[in-house]
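This report refers to the structure that appears directly beneath it.
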Amino acid sequence: MKKLKNMEGEEEEDAAAAAAADDRPNNPFDALTEEIIHLILDRLGDDDPLAHKSFSLACKSFLSAESRHRRSLRPRCSDLLPLIPRRYPFISRLDLSLCPRVDDEALAALARSWSSTLRSVDLSRSRFFGHAGLSSLVANCAGLVEVDLSNATQLTDGAAKAIAEAKNLERLRMGRCKLITDMGVGCIAVGCRKLTLLCLKWCLRVSDLGVGLIAMKCADMRSLDLSYLPITEKSLQPVLKLRNLEELILEGCPGVHDDGLATLKESCPSLKVLNLSNCQNVSYVGLSSLTSEAQCLQQLILSYGSPVTADLGKSLHKFSGLQVVRLDACMVTCSGMKEMVNWSACLKELSLSKCVGVTDDCLSLLVQTQRELRKLDITCCRKITYASINSITSSCSSLCSLRMELCTLVSTDAYLLIGQRCQNLEELDLTDNDIDDEVLMSISRCSKLRILKLGICLKVTDDGLKHIGRHCLSLTELDLYRSMGITDASIAEIALGCPALEMINMAYNENVTDAALISLSKCPRLKALEIRGCPYVSSIGLSAIARGCRRLTLLDIKKCYNINDNGMLSLAQFSPNLRQINLSYCSVTDVGLLALASINCLQIMTILHVAGLTQSGLAAALLACRCLLKVKLHMSFKSSFPESLISYIEARGCVFQWRDKVRQVEMDPKGWKLHMSKSPYGA
């Protein structure tokens, strides 16, 4: 009830502020027509909610116009759902991914409120709804064309039967709906004849029967994801008869193998994207059967599959339209790469990440014939040297993305060529390579650079990074993980020169202090900040970040021992968009955690070895944080919490992950060896 009152209070405040603006003499906004106001709102877009709020506060007419103009909505909390339709009456796209608990009653109420406008619903992170709620949704919203039910592990065939009544449905995602069987999928096939996209990834009870029914009934299908299903060539036969199929994903299908595929009598001529990653029983024989008529093939993904041999290379000669090839973690033979040289295709993207067998000779030969490459991934290709980089930079001057983490034999001189020859680069990953300040000075010529990863580059110092800050003004993502030669001085240059910065990782650097965070607080677009293991940052710097970076969504402050309740209070006051935080080992007490729990968007928390917390304080914070999807806690709390408390919090949609980790007093000096690249926005 408190949150409902808060929203009502916010609406009253917005209206009061707008009314105050209206009371001003000669209000210039009164002369604007609603058509002009809507054009202004179109320019604002949906990326910046603060811009829409500011617009609404300008005057009462703007408040009303913005409410009527809004078509896309992402509510921050399940508790607010009953009041939202009154404020926004014409929503067509509803994203409930921030609402962990959406029960049948709530879903039915929303469907009734937007019965004539709702076209798309995202329930991929919501739980507790079933066939009753979906029945109401489908019955009330006849214009529904898109539904995302991914991760709804509670849904059964009854829910699938309810969805089958959505006669106009075009896109349906059901990844990890593990209780859905062939019967449920069959209902969907019969009822939803207009489907063009269907994702059944990890629907482990769906077999050849269900997939075959989809193929026979949904003739307009364009994209079909069958990853990890227990299917065989029996269902692929009708699938390949789909005349409009453009994307087929068969990742990790153990029943798909050469012997079965060889029996196929035809393939799909309209196929543009084929994903056979993790299909280790499929070689060039099966691939040839699947693609015998696919003259339009543009993307081929064979990652973690069988070896790339000369026969495989030959089987792809005919695909002149091929633009993207991904062979990650495949055993690549020299003869196989030499056959790739003879392809008639003009590749735009090639991924050889973690491919064993890539050498200077074959890679150099390949890039000399693929001069239009825009994206190249050679991560962990440990046999390549200066010769490969020389060929890449001289042949592929249009490269916009180059990933080459852990290419240990490449010399420093080779990296200089990147800045000299590839000045259109927008993404560059040099993680764990032997680069120095001279290399960064050369790379700074790449003025379009948006993503730069320099993790574990131990020779890089402020002198080199300053050049990046002064010349790469479009930088949005910077990874400095364990690059310990970096200090506050160069971070200040980055903050000054790169105002569009959205993510920065400075983890495990003892030279980073509050001064660096105060500098970064001048980057208003900052969304992700990773400073774990930076012992000299404190609540002073974190408070500056909270005040200046209102879009902050991810924060990792693990082992920042000097961050205490003051930092949490600032986050609670100024960081309404915070969704994920790791505060393990911090000096936070019950007071700080309770303040943090007031953030409506907070979904994921990791709280391990926080000595200042008590059992009652942690319990109170968990009860107050109503939008939690996942929380990691030490195993000791599991036995001390009442079972009823855990059950109650789980019933709201939160998943507990219990860890029995021993408290680490010092950083592991070899910890960087375990570092793996990750997205700052991952869960």
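Within the stretch 411-452, the set of residues being open to solvent by 10 Å² or more (accessible area, probe 1.4 Å) and among the hydrophobic types (A, V, I, L, M, F, W, C) comprises Leu416, Leu417, Met441, Ile451. Sort through Leu264, Leu274 and tell me the only one that's within 29 Å of Gln295 (Cα to Cα) and part of a strand (DSSP E or B). On inspection, the qualifying residue turns out to be Leu274. Is it the case that the stretch 590-601 has a residue that's open to solvent by 20 Å² or more (accessible area, probe 1.4 Å) and closer than 14 Å to Thr553 by Cα? Taking every residue of the stretch 590-601 in turn, at least one turns out to be open to solvent by 20 Å² or more (accessible area, probe 1.4 Å) and closer than 14 Å to Thr553 by Cα. The one condition from (1) more than 24 Å from Gln664 (Cβ to Cβ); (2) open to solvent by less than 20 Å² (accessible area, probe 1.4 Å); (3) not charged (D, E, K, R) that Val512 does not meet is (1). For Lys630, the conditions (1) under 26 Å from the mean Cα position of the chain (by Cα); (2) open to solvent by less than 20 Å² (accessible area, probe 1.4 Å) all hold with the exception of (2).
Of all residues in the stretch 535-553, exactly one satisfies the criterion of being crowded, with 21+ Cβ neighbours inside 10 Å and touching a Phe, Trp or Tyr at 6+ places or on another chain (Cβ under 7 Å), namely Ala546. For beta carbons closer than 8 Å, sequence separation of 6+ or different chains, a first residue in the stretch 51-66 that is within 16 Å of Ile84 (Cα to Cα) and open to solvent by less than 20 Å² (accessible area, probe 1.4 Å) and a second that is at pLDDT 80 or above and acidic (Asp, Glu), the qualifying pairs are His52/Glu66; Ser56/Glu66. Reported count of residues in the stretch 276-288, each being open to solvent by 20 Å² or more (accessible area, probe 1.4 Å) and at negative phi, is 6.
A search for C-beta distances below 6 Å between a residue of the stretch 459-483 that is closer than 18 Å to Leu529 by Cβ and any residue that is modelled with pLDDT under 95 and open to solvent by 10 Å² or more (accessible area, probe 1.4 Å), counting only pairs 6+ apart in sequence or on different chains, returns Arg482/Trp672. Every residue in the stretch 496-527 that is among the small types (Gly, Ala, Ser) and under 24 Å from Tyr561 (Cβ atoms), please. Of everything in the stretch 496-527, those that are among the small types (Gly, Ala, Ser) and under 24 Å from Tyr561 (Cβ atoms) turn out to be Ala507, Ala515, Ala516, Ser519, Ser521.
The residue pairs whose first member lies in the stretch 422-433 and is at positive phi and in contact (Cβ under 8 Å) with a residue 24 or more places away in the chain, whose second member is aliphatic (A, V, I, L, M) and surrounded by fewer than 22 Cβ atoms within 10 Å (Cβ to Cβ), and whose beta carbons are closer than 9 Å, counting only pairs six or more residues apart or on different chains, are Asp432/Leu406. Within the stretch 254-275, restricting attention to residues that are out of contact with any Asp or Glu (no Cβ under 6 Å at 6 or more places or on another chain) and crowded, with 19+ Cβ neighbours inside 10 Å, which residue is modelled with the lowest pLDDT? Per the criteria, the residue is Cys268.
Checking the condition small (Gly, Ala, Ser), at pLDDT 90 or above, open to solvent by 40 Å² or more (accessible area, probe 1.4 Å) and within 23 Å of Asn151 (Cα to Cα), which residue from Ser640, Ser647 passes?
Result of the check over Ser640, Ser647: Ser647.
Does Leu376 satisfy the criteria of being open to solvent by less than 40 Å² (accessible area, probe 1.4 Å), farther than 26 Å from Lys234 by Cα and in a strand (DSSP E or B)? In short, yes. I need the full set of residues from the stretch 554-565 which are more than 19 Å from Lys630 (Cβ to Cβ), open to solvent by less than 10 Å² (accessible area, probe 1.4 Å) and out of contact with any Gly (no Cβ under 7 Å at 6 or more places or on another chain), in order please. Residues satisfying the conditions are Cys560, Ile563. Just checking, how many residues over the stretch 650-677 are at pLDDT below 90, part of a loop (DSSP other than H, G, I, E, B), out of contact with any His (no Cβ under 9 Å at 6 or more places or on another chain) and surrounded by 10 or more Cβ atoms within 10 Å (Cβ to Cβ)? Adding up the residues that qualify gives 6. Would you point out the residue of the stretch 100-124, among those that are of a type in the set (Asp, Glu) and touching a helix residue (DSSP H, G or I) at 6+ places or on another chain (Cβ under 9 Å), that is nearest to Pro85 (Cα to Cα)? Filtering first and then ranking leaves Glu105. Restricting attention to the stretch 566-589, the residues being open to solvent by 30 Å² or more (accessible area, probe 1.4 Å) and under 15 Å from Ala611 (Cβ atoms) number 2.
The values are calculated or read from the model by the stated rules, or taken from the named source; none is laboratory data. In this text the structure is predicted, and so the values were computed from the model without any measurement. Here the Cβ is made from the backbone with ideal geometry for all residues, glycine too, and neighbour counts use every protein chain on show. SASA here: full protein model, heavy atoms, side chains in, ligands and nucleic acids out. Shrake-Rupley method; radii C 1.70, N 1.55, O 1.52, S 1.80 Å.
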